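Notes for the one structure printed next.
The values are calculated or read from the model by the stated rules, or taken from the named source; none is laboratory data. Since the model is a prediction, treat every value here as computed from it, not as a measurement. Positions of Cβ are generated from backbone atoms using ideal geometry, with glycine treated the same way; all protein chains shown enter the neighbour counts. Only protein heavy atoms, including side chains, enter the accessible area calculation; ligands, DNA and RNA are left aside. Shrake-Rupley method; radii C 1.70, N 1.55, O 1.52, S 1.80 Å.
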Amino acid sequence: MVKLSVIVPFYNVRTYAPDTLRSLRANARNDFEFIFVDDCSTDGTLEILRRAEREIPGAVLVRHEKNGGLATARNTGIDAARGEYLTFLDGDDWVVPGHYERLLAAITDLGCDFVRTDHVQFTDRTRTVHQVPHGLRNTVMRPRDVILPSDRSTPVDYAYAWAGAYHRRLVESGLLRFRDGLRTAEDRPWIWRLHREAESFAVVGLPGVFYRRGVASSLTQIGDVRQLDFIRAFDQVLEETARDPEADRLLPKAVRTYCAVMAHHLESIERFEPAVARKLRSMSAASLRRMPQNILTDTLNSLGDRRADQLRRVRRRSVSREVAA
């Protein structure tokens, strides 16, 4: 029986894939499987993966005929996974030897739906440990009980899918799937749904994943239209949270997080292509109109002058254009 499935999407990461694959080989066990999802790479990544499938115990290669993005690739991996537990890794990151064995032991001992772990972020030679924003470790709790408060980072803001492990019952209930087609922020509606609807979770530390930053091909470094998927992602967060029995309590957190991410993109708008920058402004204005206006007003009053002013300008511009029309 497969105990752990590790789902690893790859797309045009020929330079970094060998490091990722070496780290997986150092984590191999006879009851682990590694599902490589090639998202229609064009740079030679596929040839590296074909060789790795032959050489790494438990490796399984699945290939998309058409590029679908990270969310769709992860769903492909979920569909192929046979493990009692699942986890994720990105194709340009890597893990320390023995990490998955320790991760599996942690979630098995705790008996919860999912666990969250710390990770190491690295850029060139700089390495920084990033911790799950939750003080209690190795303590099983209800995930929805740690969504709040609204004005502080909580585990729902720590959205990295690869920083944890997940029981198969989350697959069977549909909670582990991502929204197909999202190119960025795909993990935001995903983590909110987990925290609203799963029954149990714990934070266990274990900073064994090394998350590579500053990759030129990463969407976090590219100012094209795919970055605007954060709006679709957070619209989904708001829509689903609005249907929750505790919507009045949870929506202020969702709106505040959405506004903070939107302000971040607007503050760095010069990195976008001109047409995309215009689209960012117009889509942001439309999303601000869709938000619960009483919650939005309270959020802007508490968000901080710089970010709040940025959003108010976009909001005023859209209102002015409506009046002029």
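Numbers below:
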| read-out | value |
| --- | --- |
| Unique residue being within 30 Å of Leu21 (Cβ to Cβ), open to solvent by less than 10 Å² (accessible area, probe 1.4 Å) and modelled with pLDDT under 95 when the list is Leu182, Leu194, Leu219 | Leu182 |
| Residue satisfying all of: in the stretch 118-141; open to solvent by less than 30 Å² (accessible area, probe 1.4 Å) and of a type in the set (A, V, I, L, M, F, W, C); modelled with the lowest pLDDT among these | Phe122 |
| Residue match in the stretch 93-109 (condition: of a type in the set (Lys, Arg) and touching a strand residue (DSSP E or B) at 6+ places or on another chain (Cβ under 8 Å)) | no |
| Which numbered condition Asp180 fails, given (1) in contact with a helix residue (DSSP H, G or I) (Cβ under 7 Å, 6 or more places away or on another chain); (2) under 16 Å from Asp157 (Cβ atoms) | (2) |
| Meets criteria (of a type outside the set (D, E, K, R), touching a residue at least 24 places away in the same chain (Cβ under 8 Å), within 24 Å of Arg213 (Cβ to Cβ) and open to solvent by 10 Å² or more (accessible area, probe 1.4 Å)) for Thr72 | yes |
| Selection status of Asp244, of a type in the set (D, E, K, R), open to solvent by less than 40 Å² (accessible area, probe 1.4 Å) and within 18 Å of Thr184 (Cβ to Cβ) | no |
| Members of the stretch 83-105 that are open to solvent by 20 Å² or more (accessible area, probe 1.4 Å) and part of a helix (DSSP H, G or I) | Glu101, Arg102, Ala105 |
| Unmet requirement for Arg63, which otherwise passes all of (1) in contact (Cβ under 8 Å) with a residue 40 or more places away in the chain; (2) open to solvent by 10 Å² or more (accessible area, probe 1.4 Å); (3) among the charged types (D, E, K, R); (4) out of contact with any helix residue (DSSP H, G or I) (no Cβ under 6 Å at 6 or more places or on another chain) | (1) |
| Of residues in the stretch 1-33 being closer than 20 Å to Thr123 by Cβ and assigned to a loop (DSSP other than H, G, I, E, B), the one most open to solvent (accessible area, probe 1.4 Å) | Arg14 |
| Flag if Asp157 is open to solvent by 30 Å² or more (accessible area, probe 1.4 Å) and not aliphatic (A, V, I, L, M) | yes |
| Selection within the stretch 160-177 - over 30 Å from Leu300 (Cα atoms), open to solvent by 40 Å² or more (accessible area, probe 1.4 Å) and in contact with a helix residue (DSSP H, G or I) (Cβ under 7 Å, 6 or more places away or on another chain) | Arg177 |
| Test result for Arg144, in contact (Cβ under 8 Å) with a residue 24 or more places away in the chain, in a helix (DSSP H, G or I) and surrounded by fewer than 16 Cβ atoms within 10 Å (Cβ to Cβ) | no |
| Hey, Pro292 open to solvent by 10 Å² or more (accessible area, probe 1.4 Å) and modelled with pLDDT of 95 or more or not | yes |
| Leu194 being more than 30 Å from Asp305 (Cβ to Cβ), among the hydrophobic types (A, V, I, L, M, F, W, C) and part of a loop (DSSP other than H, G, I, E, B) | no |
| Helices (runs of 4 or more DSSP H) contained in the stretch 222-325 and holding at least 3 residues over 19 Å from the mean Cα position of the chain (by Cα) | 247-267, 274-290, 293-302, 305-324 |
| Qualifying positions in the stretch 34-47 - surrounded by fewer than 21 Cβ atoms within 10 Å (Cβ to Cβ) and in a helix (DSSP H, G or I) | Leu46, Glu47 |
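Condition check ((1) farther than 22 Å from Leu104 by Cβ; (2) not in a strand (DSSP E or B)) across all residues:
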site	(1), (2)
Thr128	yes, no
Val132	no, yes
Gly135	yes, yes
Thr139	no, yes
Pro149	yes, yes
Leu170	no, yes
Leu175	no, yes
